[in-house]
């Protein structure tokens, strides 16, 4: 069985390390590669002759994938983006494992209440993590984006949550509020001023894992910190089960990711 992660850029992706570790732990003779695929090029990868069983998707393909699937799960429809495609029986099913992965990642590090939260960024990952805040109990979600006028898809997605949250929007110059701050923006956009404005947020969630630590992650101190590897492992575990039909060996996948990041940091 052939699986892969598609996106652009893609060389940095840890997904092959995690999935291959899972296959090895369960003795599965499966392959998992990283393939560079740009916006508008996904359809060509979905032809039956390509022989894919499962595909993980990263930027810029998550929203494009929705329109190419025969079936779309409720959570992918809610987010308005898919990071997972399962190809079987001549049909393509789209799902979003970022949403349950983000919920699991937060709960692994923090057991307290989530009444409100702030998400930095306005893309597909901001939508899924904002919805995860709603799943965790947030009644108010604030989205702070570099270009607030371009974040409407994300605002609409979060607003579709069944809990009917209050959704606010602002710029990165505003002060984050709530119990959890989720950062989906590049490390280079995390200015000292922005980090200082986040000093009062009890829980930090940095979706990046490379480079690590980002300025926001480095500022955590004694506060609970949910890292990009936490999110990646938990969402990959859900993908693994969708692809293989087998429970994911979470510990083996996490250990492989930690080893790889350790090797990268020492290189």
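Residue by residue, here is whether (1) part of a helix (DSSP H, G or I); (2) crowded, with 21+ Cβ neighbours inside 10 Å; (3) in contact with a strand residue (DSSP E or B) (Cβ under 9 Å, 6 or more places away or on another chain) holds:
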position: 163; (1), (2), (3): no, no, no
position: 176; (1), (2), (3): no, yes, yes
position: 181; (1), (2), (3): no, yes, yes
position: 193; (1), (2), (3): yes, no, no
position: 204; (1), (2), (3): no, yes, yes
position: 216; (1), (2), (3): yes, yes, yes
Among (1) buried (at least 18 other Cβ atoms within 10 Å of the Cβ); (2) free of Cβ contacts under 8 Å to residues at least 60 places away in the same chain, the one test that residue 91 misses | (1)
Over the stretch 124-144, the set of residues outside any helix (DSSP H, G or I), in contact with a strand residue (DSSP E or B) (Cβ under 7 Å, 6 or more places away or on another chain) and surrounded by 18 or more Cβ atoms within 10 Å (Cβ to Cβ) is 138, 141, 142, 143, 144
Given the conditions (1) in a helix (DSSP H, G or I); (2) outside the structural domain of residue 129 (by TED's automatic domain parsing); (3) buried (at least 17 other Cβ atoms within 10 Å of the Cβ); (4) out of contact with any strand residue (DSSP E or B) (no Cβ under 7 Å at 6 or more places or on another chain), and given that residue 258 satisfies all but one, which numbered condition is not satisfied?
-> (3)
Checked 63, 20, 36, 115 against criteria (surrounded by fewer than 17 Cβ atoms within 10 Å (Cβ to Cβ) and touching a residue at least 40 places away in the same chain (Cβ under 8 Å)); the one match is 115
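The values are calculated or read from the model by the stated rules, or taken from the named source; none is laboratory data. A quick note: this is a predicted structure, and the numbers were derived from the prediction, not measured. As a convention, Cβ positions derive from the backbone with ideal geometry for all residues, glycine included, and neighbour counts pool all protein chains shown.
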